[in-house]
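Trainee: Please see the structure below; I have some questions.
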Amino acid sequence: MILEQYYLECLSHASYLIGDEGTGRAIVVDPRRDIAEYLDDAAKYGLTIEGVVNTHFHADFVSGHLELVDATGAWIGFGEAAETDYPIRRLRDGERLSLGDVELEILSTPGHTWESISVLVREHPGATPTAVLTGDSLFIGDVGRPDLVNLGDGSTADLARAMYRTVHNTLLALPDDVVVMPAHGAGSSCGKNLSTELTSTIGEQRATNPSVQPMTEDAFVALVTEGQPAAPSYFAADAAMNKQIHPLLSPSRTIPALTPEQVRGELAAGTRVLDARSVDDFAAGHLRGSVNVGFDGRFAETGGMVAEIGGRIVLIAYPGEEQEAALRLARIGSDNAIGYLVVDRDGAFPVELTGLVETAPRTTVEQLDAMLAAGEVTLVDIRNPGERDLGAIPGATPIPLAQLRTRLASVPTGKPIVVYCAGGWRSSVAASLLRAHGFENVSDLAGGYDAWVDAHVSA
């Protein structure tokens, strides 16, 4: 048996290739749109990809099932409750898929969505299962949230109750040594306490995962519906794209370099300009109206928070990072990055754009304390609810970054605005987004809440 995991740190996303060495038959589970790795490994192992299984309609990225069908002619499999605009193979609970000696069993595991399934993997028919690919049902350290998309005629509570039964009646009923291989890891918005570990076992999760401990169904519902990270607005768009026929991502796709005059014109036209450089370099000098989404962080997901899916995007990037940045946006369905401008690490913009370059103000903890004491500040906390539950700066207005673009009217005006997050990366995103939308006198808190806590604890 061949079982390969492919993990994307930027999206905390895991996908899988499962193959039978004897027959050369294989399937891919939960693929991303850039499919070269699956094809390359299939060729390396002498495998033919004959099926693509999505454990559910993903919301945080656009799945690569259509690209794989185009490249290989494979069939597409979903759980029985799935409805799509393209032909699919409906996979029912208990169905066995044979690749030769290697056998896959479909488990119906609703809870994250109604159509959710898991894939139980055996090296031989009748053998003890080796692994279970749990999609967004059972994570390492948590379970999938029930409040993202695809509620259908049900409610969040209905999905949570379905997840309770999935966990206790289906997944925890598996032998303790079965390897758990989920579709997401730490940092994903699909859960709140995901581990940095990429695999575990049923036994380890039974012993250590707080969300699967013995509890009543009502207690479970309360646990999994509270304190979840805010869902980015692009999630609904991606879930819809994954149900539809849409343009394929070309494996040879590149975006062109733009001239300074073209960049100036795009800014004037209101095109979203994403500056993928570091927070410090952005603060030292950037184009007026650009939004700082650092390539060193959760670039794709955050880009989807601040730019409309399908909208025109210009990228500002360090040399050599521009094409990868465009690819990361394409993974979430943001295909309209029209070009890029490279800025060396010395921060020098082309002379033709000098008049558009400005610095980004940053506020220190000491300065913020003085502003708070004088009542001369609007403080905005852009962290997620679970973070705020652990502590917040008094007087802050809570607006999670994922919701900021759609809740601009909720930001109080009339006083200087200071935005803060945990450490300073997300606050640079938020402050620049506010300035790009015309808010004046906006800065972010250098070092974020962590710096504020350190200053006040030490004091």
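Trainee: Tell me whether the stretch 82-100 contains one or more residues that are touching a His at 6+ places or on another chain (Cβ under 7 Å) and at pLDDT 95 or above.
Mentor: Among the residues of the stretch 82-100, not one is touching a His at 6+ places or on another chain (Cβ under 7 Å) and at pLDDT 95 or above, which makes the answer no.
Trainee: Moving to a separate point now. With the condition kept exactly as written, say whether any residue in the stretch 169-183 is at negative phi, polar (S, T, N, Q), modelled with pLDDT of 95 or more and out of contact with any Lys or Arg (no Cβ under 7 Å at 6 or more places or on another chain).
Mentor: Yes - at least one qualifying residue is present in the stretch 169-183.
Trainee: Residues of the stretch 257-287 being closer than 18 Å to residue 312 by Cβ, open to solvent by 70 Å² or more (accessible area, probe 1.4 Å) and touching a residue at least 60 places away in the same chain (Cβ under 8 Å), which ones? First the steps, then the outcome.
Mentor: Going residue by residue through the stretch 257-287, those that are closer than 18 Å to residue 312 by Cβ are 257-276, 287.
Filter once more, so that each one left must be open to solvent by 70 Å² or more (accessible area, probe 1.4 Å): 261-262, 264, 268-269.
Matches in the stretch 257-287: 261, 262, 264.
Trainee: Read through the list (1) surrounded by 15 or more Cβ atoms within 10 Å (Cβ to Cβ); (2) modelled with pLDDT of 95 or more, then give the number of the only condition that residue 388 fails.
Mentor: Checking residue 388 against (1) surrounded by 15 or more Cβ atoms within 10 Å (Cβ to Cβ); (2) modelled with pLDDT of 95 or more, the one that fails is (2).
Trainee: Hey, can you tell me all the residues within the stretch 51-81 that are more than 12 Å from residue 116 (Cβ to Cβ), free of Cβ contacts under 8 Å to residues at least 40 places away in the same chain and over 25 Å from the mean Cα position of the chain (by Cα)?
Mentor: Across the stretch 51-81, the qualifying residues are 71, 72, 73, 75.
Trainee: Can you pull out every residue in the stretch 214-255 that is part of a loop (DSSP other than H, G, I, E, B), open to solvent by less than 70 Å² (accessible area, probe 1.4 Å) and either under 23 Å from residue 385 (Cα atoms) or in contact (Cβ under 8 Å) with a residue 40 or more places away in the chain (or both)?
Mentor: 227, 228, 229, 230, 231, 232, 233, 242, 243, 246, 249, 255
Trainee: On to the next question. Take the residues of the stretch 290-321 that are aromatic (Phe, Trp, Tyr) and over 11 Å from the mean Cα position of the chain (by Cα): which is most open to solvent (accessible area, probe 1.4 Å)?
Mentor: Checked the stretch 290-321; the qualifying residue most open to solvent (accessible area, probe 1.4 Å) is 295.
Trainee: While we're here: Tally the residues that are farther than 16 Å from residue 30 by Cα and free of Cβ contacts under 8 Å to residues at least 40 places away in the same chain, restricting the search to the stretch 82-104.
Mentor: Adding up the residues that qualify gives 8.
Trainee: Could you list all residues from the stretch 411-452 that are more than 26 Å from the chain's Cα centre (by Cα), over 24 Å from residue 287 (Cβ atoms) and buried (at least 16 other Cβ atoms within 10 Å of the Cβ)?
Mentor: 451, 452, listed by residue number.
Trainee: When you go through 342, 357 one by one, which is the residue that is touching a residue at least 60 places away in the same chain (Cβ under 8 Å), open to solvent by 40 Å² or more (accessible area, probe 1.4 Å) and in contact with a Gly (Cβ under 7 Å, 6 or more places away or on another chain)? Steps first, please.
Mentor: Details: 342 fails: in contact with a Gly (Cβ under 7 Å, 6 or more places away or on another chain).
357 is the lone residue from the list that is touching a residue at least 60 places away in the same chain (Cβ under 8 Å), open to solvent by 40 Å² or more (accessible area, probe 1.4 Å) and in contact with a Gly (Cβ under 7 Å, 6 or more places away or on another chain).
Trainee: Also: Return the residues of the stretch 108-150 that are open to solvent by less than 10 Å² (accessible area, probe 1.4 Å), among the polar types (S, T, N, Q) and at pLDDT below 95; say none if nothing qualifies.
Mentor: Across the stretch 108-150, the qualifying residue is only 113.
Trainee: While we're on this one: Restricting the stretch 322-339 to residues that are of a type in the set (A, V, I, L, M, F, W, C) and under 18 Å from the mean Cα position of the chain (by Cα), which is surrounded by the fewest Cβ atoms within 10 Å (Cβ to Cβ)?
Mentor: 327
Trainee: Residues of the stretch 5-46 being among the aliphatic types (A, V, I, L, M) and free of Cβ contacts under 8 Å to residues at least 60 places away in the same chain, which ones? Show your work before the answer.
Mentor: At the first step, the residues of the stretch 5-46 found to be among the aliphatic types (A, V, I, L, M) are 8, 11, 14, 17-18, 26-29, 35-36, 39, 42-43.
Scanning the stretch 5-46 gives 17, 28, 39, 42, 43.
Trainee: Which residues, counting only those in the stretch 74-107, are open to solvent by 30 Å² or more (accessible area, probe 1.4 Å), within 21 Å of residue 136 (Cα to Cα) and not basic (Lys, Arg)?
Mentor: Selection gives 80, 81, 83, 84, 88, 93, 94.
Trainee: For residues that are aromatic (Phe, Trp, Tyr) and crowded, with 18+ Cβ neighbours inside 10 Å, scanning just the stretch 1-54, find the one that is nearest to residue 199 (Cα to Cα).
Mentor: Step one: list which residues in the stretch 1-54 are aromatic (Phe, Trp, Tyr), which gives 6-7, 16, 38, 45.
Pick out the ones that are also crowded, with 18+ Cβ neighbours inside 10 Å and you get 16, 38.
Values: 16: 12, 38: 20 Å.
Once the filter is applied, the top-ranked residue is 16.
Trainee: Could you pull out every one of the strands (runs of 3 or more DSSP E) wholly within the stretch 1-56 that has 3 or more residues that are among the β-branched types (Val, Ile, Thr)? Outline the logic, then answer.
Mentor: Details: elements: 2-8, 13-19, 25-29, 48-53.
Counting at least 3 such residues, we get 25-29, 48-53.
Trainee: Checking the conditions here, which among 383, 405 is touching a residue at least 12 places away in the same chain (Cβ under 8 Å), closer than 30 Å to residue 268 by Cα and basic (Lys, Arg)? Show your work before the answer.
Mentor: Details: 383 fails: closer than 30 Å to residue 268 by Cα.
405 is the lone residue from the list that is touching a residue at least 12 places away in the same chain (Cβ under 8 Å), closer than 30 Å to residue 268 by Cα and basic (Lys, Arg).
Trainee: Right, next: For the stretch 203-213, name all the residues that are farther than 22 Å from residue 115 by Cα and either open to solvent by 40 Å² or more (accessible area, probe 1.4 Å) or in contact (Cβ under 8 Å) with a residue 40 or more places away in the chain (or both).
Mentor: Within the stretch 203-213, 204, 205, 206, 207, 208, 209, 210, 213 meet the criteria.
Trainee: For the stretch 1-55, give me the residue count where each residue is at pLDDT below 95 and in contact with a helix residue (DSSP H, G or I) (Cβ under 6 Å, 6 or more places away or on another chain).
Mentor: Final tally of qualifying residues: 2.
The values are calculated or read from the model by the stated rules, or taken from the named source; none is laboratory data. Here the structure is a predicted model, which means the values were calculated and not measured. Heads up, the Cβs are rebuilt from the backbone with ideal geometry, glycines too, and the neighbour counts pull from every protein chain shown. The protein model used for the area step is the full one, side chains on, heavy atoms only, and it has no ligands, DNA or RNA in it. Shrake-Rupley method; radii C 1.70, N 1.55, O 1.52, S 1.80 Å.
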